[in-house]
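Peer 1: Pasting in a structure now, in structure tokens, and then I'll have a few things to ask.
Coordinate-derived values only; no laboratory data. This one's a predicted model, so the numbers in the text were calculated from it and none came from an experiment. Every residue, glycine as well, gets a Cβ built from its backbone with ideal geometry; the counts of neighbours run over all protein chains shown.
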Amino acid sequence: MANERYTDVWSALFDSPGEAANLRLRSKLMRVLTRTIKGWDLHQKDAAKRLHVTQPRLSDLMQGKIDKFSLDALVNLLDAADLGIEIEVTENHKAA
């Protein structure tokens, strides 16, 4: 069995580069949101109200339950948290 090298955990877990990229981006957005929400120093109930979600939904976010959040949902939460988002698209360089 040959040793394989991956650029990140998502690439190692999924054969599809598209799925790995989707999870990589969702993970990054979740980390930003979690860090921001913790910085508010509010009870989850109050933070959930600020984000217009239920407390159990916020709990899922804070626990990193990535499978429960689409990119759309995370973008909506970023907006509710008064955070902006910028996207940079780059070309993948694959070995020939």
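Peer 1: For the pair residue 62 and residue 22, what calculated FRET efficiency results from E = 1/(1 + (r/R0)^6), where r is the Cβ-Cβ distance and R0 = 22 Å, to the nearest 0.05?
Peer 2: It comes out at approximately 0.60.
Peer 1: Rank the residues 27, 70 as a footprinting-exposure proxy: fewest other Cβ atoms within 10 Å of their Cβ go first.
Peer 2: 70, 27
Peer 1: Spelling out what I want: for every residue of segment 74-84, take phi, set θ = phi - 60°, compute 6.51 cos²θ - 1.76 cosθ + 1.60 (Karplus), and round to whole Hz; glycine and proline get x.
Peer 2: For segment 74-84, the Karplus-derived couplings read 5, 5, 5, 5, 4, 5, 5, 7, 6, 10, x Hz, x marking Gly and Pro.
Peer 1: Still on this structure, I have one more. Determine the relative contact order of segment 15-80: mean sequence separation of Cα pairs under 8 Å and six or more apart, normalised by residue count, in whole percent.
Peer 2: Relative contact order, segment 15-80: 40 percent.
Peer 1: Still on this structure, I have one more. What's the extension gain from residue 36 to residue 85 if we count 0.36 nm per residue and subtract their Cα-Cα distance?
Peer 2: Using 0.36 nm per residue and subtracting the Cα-Cα distance, I get 16.3 nm.
Peer 1: Still on this structure: If you wrap a convex hull around the C-alpha atoms of segment 38-96 and split its volume per residue, what is the figure in Å³?
Peer 2: Hull volume normalised by residue count: 126 Å³.
Peer 1: Calculate one ³J(HN,Hα) per residue across segment 28-44 by plugging θ = phi - 60° into the Karplus curve 6.51 cos²θ - 1.76 cosθ + 1.60, and present them in order as whole Hz with x for glycine and proline.
Peer 2: After applying 6.51 cos²θ - 1.76 cosθ + 1.60, I find 5, 5, 5, 5, 5, 4, 4, 4, 5, 5, 4, x, 6, 6, 10, 5, 4 Hz.
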